[in-house]
Every structure is written in structure tokens, then in C-alpha cells.
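What follows is a single structure, written as C-alpha cells, with notes after it.
Nothing in this text is a laboratory measurement; each read-out follows from the coordinates by a stated rule. All figures in this text were calculated on a predicted structure; none of them were measured in a lab. Quick reminder, even Gly has a Cβ in these numbers, built from the backbone with ideal geometry, and neighbours come from all protein chains shown.
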Amino acid sequence: MAPASKPAKKAPRGKMEKIFHPSSRKAGQLVRKAHRTDKLKSLASKRKEKNGLEVNVYAYFHHFLPNEGVLTLSQLHELIRDGWLSRHDEELAAEKAQRRSGRPKSKREVDLEDEKGREWEDYRTGIEVIDLTNEANVALFRQWNQKDVAYIDLLRFIRIFSGEPERFVVSRPGKHVTLTASNPDQAMDVEVK
């Protein structure tokens with residue numbers, strides 16, 4: 001008499017991973033490959049973080065673009081001084097108010113003060129910003145989608161100083177065709193007073 005049901009098949013086993021001797025060439029190759037993929041992932045995440053910070057800076061200036069026309073140099077200084085450099089003042093005041101007297105500063109408060117001090121020092125010695133005083137540059141900047149960091153390289157940048165509000169230096173002339181066509185003889189680090 002034959003059995004009523006067929007015997008159950010054994011569950012298929014997954015392919016077992018080969019084990020290599022730690023000193024073998026193959027083990028060395030696998031270690032190098034794993035190290036390389038980790039390094040590439042690390043570099044990609046750092047690049048993404050840096051690009052995100054840059055996008056935030058440029059998006060701030062994009063938000064405050066005038067609907068029509070361009071900014072004057074004094075308006076650009078005002079935007080940086082009263083807007084960009086003082087953007088953390090409320091949060092810093094809240095952190096100070098939250099802290100009891102005699103207590104050390106919180107890490108967030110120390111970080112905000114350090115960042116504010118660094119940015120003010122940059123402004124004093126010359127901060128590099130997108131040239132919002134140039135019509136062609138502002139027209140290009142308005143077309144930016146606020147995500148693509150590579151687009152920013154097409155724009156013209158100037159360096160402005162807090163001690164000399166009427167002086168600026170063209171630090172990056174811009175790579176876009178409309179910028180190079182309007183000023184073909186424009187060189188790097190041209191001072192304008």
C-alpha cells in the first residue's frame with residue numbers, strides 16, 4: 001500500500017557564505033571592498049550635509065529678493081546685518097532666559113554664540129554673498145529652484161566688508177553666459193570703491 005501523501009520536502013537552505021582564511025588574498029579583497037563602500041557612503045553623507053547647509057544660506061537670500069529690480073549695496077549690508085547675522089537672536093534670548101542664574105550655558109547656547117561670533121567676524125573681514133546688485137545676476141538667481149547647489153556656481157559673488165560699506169570685491173565672476181557676455185573683461189578679485 002502506498003502512502004497517502006508524499007513526504008514533505010526539506011526546506012531549501014540558503015547559500016552558505018564561504019569562510020576565508022583571515023590571511024588569504026580573498027579576505028583582504030573583501031575587507032578592502034567593505035572599507036571602500038563605507039568610505040564612499042561617509043563622503044556622500046558629508047557632501048549632502050554640506051550642500052544642505054549651503055542651500056539654506058542661499059535660500060535665505062532668495063527669500064528676501066525684491067520682486068522687481070535689484071538691491072543697492074547699502075540695502076545688501078542692511079539685509080546681512082539686520083537679517084542674516086541676527087537670525088538667531090530670539091533663540092539665543094530664549095536660551096538665556098531659560099537658564100537659571102549661576103548655571104553654565106547650555107550646549108545649544110554656546111553653539112549659537114560661537115556661530116554668531118564667527119559670522120560677525122566673517123562680515124568684518126569680508127563675507128562672500130551672491131551679488132544682488134547686478135541685474136543679470138538677480139534675474140538668474142530668481143530662476144533658481146532652491147534645491148540645486150550646482151546652479152549657484154553660475155552666479156556672480158561679491159565680498160563685502162562691514163567696516164567699508166561702499167567697497168566690494170568681485171570674488172567669483174559667475175559662469176553663466178549672460179554674466180560673461182555683459183562683462184567679458186571681468187577678472188577675479190576686482191575691487192570697486
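Values computed for the structure shown
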{"quantity": "Charge tally in the Cβ shell below 14 Å around residue 41, where Lys, Arg are +1 and Asp, Glu are -1, residue 41 excluded", "calculated": "+4"}
{"quantity": "3J(HN,Hα) from dihedral phi, region 114-126, Karplus parametrisation 6.51/-1.76/1.60, rounded to Hz, x for glycine, proline", "calculated": "4, 5, 5, x, 4, 5, 5, 5, 4, 5, 5, 8, x"}
{"quantity": "Interchain or long-range residues, amide H under 5 Å from residue 155's placed H", "calculated": "175"}
{"quantity": "Computed magnitude of the charge dipole of the chain (debye, nearest 20; Cβ of K, R +1, Cβ of D, E -1)", "calculated": "2800"}
{"quantity": "R0 of 41 Å, Cβ-Cβ distance residue 175-residue 91: FRET efficiency to nearest 0.05", "calculated": "0.65"}
{"quantity": "Summed side-chain charge close to residue 92 - residues other than residue 92 whose Cβ falls under 15 Å, Lys, Arg +1, Asp, Glu -1", "calculated": "-2"}
{"quantity": "Fraction in percent of alpha-carbon pairs per bin - 5 Å, the chain", "calculated": "1, 6, 10, 12, 12, 11, 8, 7, 6, 5, 5, 5, 4, 3, 2, 2, 1, 1, 1, 0, 0, 0"}
{"quantity": "HN-Hα J in Hz across region 33-38 - Karplus 6.51, -1.76, 1.60, θ = phi - 60°, x for Gly and Pro", "calculated": "5, 5, 5, 5, 5, 5"}
{"quantity": "Inter-site label distance for residue 57 and residue 100 at 7 Å from Cα along Cβ, in nm", "calculated": "4.0"}
{"quantity": "Across 41/107; 48/147; 96/116; 41/116, pairs whose alpha-carbon gap is larger than 21 Å", "calculated": "41/107; 41/116"}
